[in-house]
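Before any comments, here is the structure.
The values are calculated or read from the model by the stated rules, or taken from the named source; none is laboratory data. Please read these numbers as outputs of a predicted model, since none were measured by experiment. Virtual Cβ from ideal backbone geometry, glycine too; neighbours counted across all protein chains shown.
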Amino acid sequence: MTVRNTPKILFLSLAVAAALAACKKSDEAAAPAADGPKALTLDESKLPPFNQFKASDLDTSKNACTDFTGYANSKFLAANPVPGDRTSWGAFEMLDERSNAVQRQLAEQAAADADATGVEKIVGDLWATGMDEAKIEAQGIEPLKAELTAIDALADKDAIAEYLRTSAAKGQNDLFGFGAEADFKNSSMNMAYASQGGLGLPDPEYYTKAENKEKLEAYREHVAKVLELSGVAAADAAKQADDVVAFETRLAKVSKTSEELSRDVSLYYNPVTLADADKLTPNFSWTKFFDSQGVAAPEKFSLAIPAFHEEVSKMLGDTDPAAWRAYLRFHTVDGASPYLSSAFVNEHFDFYSKTMRGQKEIKPRWKRVLATINGQAGEALGQLYVKVAFPPESKAKMETLVGNLSTALKARIEKLDWMGDETKKKALEKWAAFTPKIGYPDKWRDWAGLATARDSYIGNVLAANEFNYKWNLGKIGKPVDKTEWGMPPQMVNAYYNPLQNEIVFPAAILQPPFFDPNAPEEMNYGGIGAVIGHEMTHGYDDQGSRFGPSGNFENWWSEADAKGFAERTGKLVAQFDGYTTDAGGKVNGKLTLGENIADLGGLATAYDAMKTATAGKPDDNGDGLTRDQRFFLNWATVWRRNFTPEELVVRLKTDPHAPANFRAIGAPSNLPAFAAAFSCKAGDPMLRDGDKQVVIW
């Protein structure tokens, strides 16, 4: 029952996405009232402190020009190892802990309200059933018995294809992604997208490269253990695990890697008719699939990565139904494991978190339940969150910052000496069409129709999963609702959506060290200002730049300017290819290119905006630092972060963001303003000059 339905193609976020499988300007009004008869309260004394930059954080035995990360963050990193229930620890995670502490209070209050309705009832029911460990233990695997019986009965390709349709209609599609997204060529309308999926490991290369053999064998053992827990005899479970790994390896060989998907967004767009799709996959009828999902037959839909779907069709015809049964049984149980009894929970943690990512301890139940609520009803909880945790003055200040960053970005585009007039005109048209969203949605999502109760945790999860899937499918063939958000307000993150040309800043990131209404201006510009600039620059990174002002996928570049852009971005690829972790891991400059472009443009734009906003104002904060130094030091504070060794390995293979310590130095080393601020000299690592300096936006 893994949630892999919606493609979730294009949201380019600031922080790393945690999921392995599955982004209008607000009026200056108070957040819409949450449903429920009782007022919500927040006990600030129960919240962890903010992580803010202080001059005392600096390691003055190090030189900012040779080891800026060490100078700014080494004392923090040494004093803040990764907690046992995390795989990374830094500014994002510390703010996430604070957000979780707020959410916990709200969920507890919602669960305690016997008369709750609307979003409070949904949150309260998920919380209460998720925290009822005794009932979950007593139920064991019983909630999945009917599904497993249906899988056991699959005897031929037609029965398997029918099962794939019926299970997908309940929001339980492990084999491929399917859902609504804006049409690349007409971004005001939603269309259906089908994408690759079906793998239990983070990237196809885990199945195909010898360097990953150890992890693949660990996965095989995990598959066998899950099958055994589900009721399969040990010897049979081992044989079936071999079948599952062979099954997924075959899929992996026709799947695109993380790097390929990150660096060629056109791979997601392959519009076809149902008739053409049916010809490509004769053993899997897309005509029947659309009908089974309750979606009207479209004129076209995007069958992304067609070779993947062609292979699935072949496997329906030539793979033993027993292998299909093993595959479907495993993924059904594995996807449900976090919501079942402790034996399943612990096995899921041992492989995905401990073995794969180096997490030493499982998160406490309350954090895991909150993660479930955020995954299944995030905006419902967000509706409660903004009532107690997002002051109006933060929104007003953010609107000013966004306006100042926008002005600075326009000036930078206008001054570009490598871009011709026609391309520059188009770039400015796109700039003028940016839509910012701050804090929370203007219009909350309607949750009417989602029925939750207090009798079963996984029952509530399955109900929410199906509800969300059908809600998403209901968009197909309809105009895009531009008031929708791709992240809930309580998420510590931000994103740019090229299909709507919008930049979005959830409420939870609008706190220190990113944003503090009472901090010196340079601190906010070095924090959230650089984030704002980062998201704006995503509109002009190597993939965002392939979309026009309205969000349509189009080429607005002259041939000469496209060549000049590629030359500059190629230098940034080379810069990050040159970074190596302490353990010898290599950063992938191509995989991380989009985020590195956004960091470079965002930080440069934020610096320009900061200089304009502080012009003529005294520069004396009593800490012995200049305004420019504090600006760059708060940028580094955002990127103070420790990782477990295993987590770092996974990220180097799959994450389009470079490790945090390289983000702290990558962009500023290209900015003359940084070198001036810290008196760096030629030859210092933090002064990239001549042909080594990267200048793009």
Original post:
So is residue 407 at pLDDT 95 or above, surrounded by fewer than 21 Cβ atoms within 10 Å (Cβ to Cβ) and either of a type in the set (Val, Ile, Thr) or under 30 Å from residue 452 (Cβ atoms) (or both) or not?
Top reply: yes
**OP:** Answer with yes or no whether residue 661 is part of a helix (DSSP H, G or I) and in contact with a helix residue (DSSP H, G or I) (Cβ under 8 Å, 6 or more places away or on another chain).
**Re:** yes
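Per-residue answers, yes or no, for (1) buried (at least 17 other Cβ atoms within 10 Å of the Cβ); (2) within 21 Å of residue 485 (Cβ to Cβ); (3) of a type in the set (Val, Ile, Thr):
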site: 332; (1), (2), (3): yes, no, yes
site: 339; (1), (2), (3): yes, no, no
site: 363; (1), (2), (3): yes, no, no
site: 385; (1), (2), (3): yes, yes, no
site: 400; (1), (2), (3): no, no, yes
site: 435; (1), (2), (3): no, yes, yes
site: 445; (1), (2), (3): yes, yes, no
Original post:
Can you name the residue in the range 475-513 that is surrounded by 22 or more Cβ atoms within 10 Å (Cβ to Cβ) and in a strand (DSSP E or B) and, of all such residues, is nearest to the chain's Cα centre (by Cα)?
Top reply: 495
**OP:** Could you check, for the range 273-293, whether at least one of its residues is under 28 Å from the mean Cα position of the chain (by Cα) and assigned to a loop (DSSP other than H, G, I, E, B)?
**Re:** yes
Subject >> Hits in the range 336-359 (condition: closer than 17 Å to residue 462 by Cβ and outside any helix (DSSP H, G or I)) >> reply: 340, 341
Original post:
Any residue in the range 72-79 that is modelled with pLDDT under 50, of a type in the set (Ser, Thr, Tyr), out of contact with any helix residue (DSSP H, G or I) (no Cβ under 8 Å at 6 or more places or on another chain) and not assigned by TED's automatic domain parsing to the domain that holds residue 198?
Top reply: no
Subject >> Unique residue being closer than 18 Å to residue 332 by Cα, modelled with pLDDT of 95 or more and acidic (Asp, Glu) when the list is 236, 278, 264 >> reply: 236
Subject >> Sole exception among (1) surrounded by fewer than 21 Cβ atoms within 10 Å (Cβ to Cβ); (2) closer than 26 Å to residue 511 by Cα; (3) touching a strand residue (DSSP E or B) at 6+ places or on another chain (Cβ under 8 Å) for residue 472, by number >> reply: (2)
Original post:
Under 7 Å by Cβ, and 6 or more places apart or on different chains, what pairs join a residue from the range 223-238 that is assigned by TED's automatic domain parsing to the domain that holds residue 198 with one that is aromatic (Phe, Trp, Tyr) and surrounded by 21 or more Cβ atoms within 10 Å (Cβ to Cβ)?
Top reply: 223/330; 226/330; 227/330; 229/344
Original post:
Is at least one residue of the range 524-544 in the same structural domain as residue 620 (by TED's automatic domain parsing) and either surrounded by fewer than 19 Cβ atoms within 10 Å (Cβ to Cβ) or in contact with a Cys (Cβ under 6 Å, 6 or more places away or on another chain) (or both)?
Top reply: no
Original post:
Among 602, 594, which is the only one that is in contact with a strand residue (DSSP E or B) (Cβ under 8 Å, 6 or more places away or on another chain) and under 19 Å from residue 670 (Cα atoms)?
Top reply: 594
Original post:
When both residues are 6+ apart or on different chains and their Cβ atoms are under 7 Å apart, which pairs have a first residue that lies in the range 452-467 and is within 11 Å of residue 376 (Cβ to Cβ) and among the hydrophobic types (A, V, I, L, M, F, W, C), and a second that is buried (at least 19 other Cβ atoms within 10 Å of the Cβ) and modelled with pLDDT under 95?
Top reply: 462/1
Original post:
So which of 187, 230 ends up being under 26 Å from residue 304 (Cβ atoms), at pLDDT 95 or above and of a type outside the set (Lys, Arg)?
Top reply: 187
Subject >> Near pairs, Cβ below 9 angstrom, 6+ apart or cross-chain, from the range 647-676 (of a type in the set (Asp, Glu)) to any residue that is modelled with pLDDT under 95 and surrounded by fewer than 22 Cβ atoms within 10 Å (Cβ to Cβ) >> reply: 655/16; 655/17
Subject >> Criterion (touching a helix residue (DSSP H, G or I) at 6+ places or on another chain (Cβ under 7 Å) and either of a type in the set (D, E, K, R) or within 27 Å of residue 682 (Cα to Cα) (or both)) met by exactly one of 98, 86 >> reply: 86
**OP:** Kindly indicate whether residue 621 is in a loop (DSSP other than H, G, I, E, B) and more than 30 Å from residue 512 (Cβ to Cβ).
**Re:** no
Original post:
Consider residue 333 against the criteria (1) farther than 30 Å from residue 83 by Cα; (2) of a type outside the set (Asp, Glu); (3) part of a helix (DSSP H, G or I); (4) in contact with a Leu (Cβ under 7 Å, 6 or more places away or on another chain): it satisfies all of them except one. Which criterion is unmet?
Top reply: (1)
**OP:** Name the single residue, out of those in the range 163-184 being more than 22 Å from residue 311 (Cβ to Cβ) and in contact with a helix residue (DSSP H, G or I) (Cβ under 6 Å, 6 or more places away or on another chain), that is surrounded by the fewest Cβ atoms within 10 Å (Cβ to Cβ).
**Re:** 170
Original post:
Which pairs have Cβ atoms under 6 Å, sit 6 or more apart or on different chains, and link a residue in the range 404-432 that is assigned to a loop (DSSP other than H, G, I, E, B) to one that is not hydroxyl-bearing (Ser, Thr, Tyr)?
Top reply: 418/564; 419/561; 420/561
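Is it the case that residue 697 is closer than 30 Å to residue 561 by Cα and either outside the structural domain of residue 533 (by TED's automatic domain parsing) or of a type in the set (Phe, Trp, Tyr) (or both)? Let's see the steps before the verdict.
Working: closer than 30 Å to residue 561 by Cα: yes; either outside the structural domain of residue 533 (by TED's automatic domain parsing) or of a type in the set (Phe, Trp, Tyr) (or both): yes.
Criteria met by residue 697.
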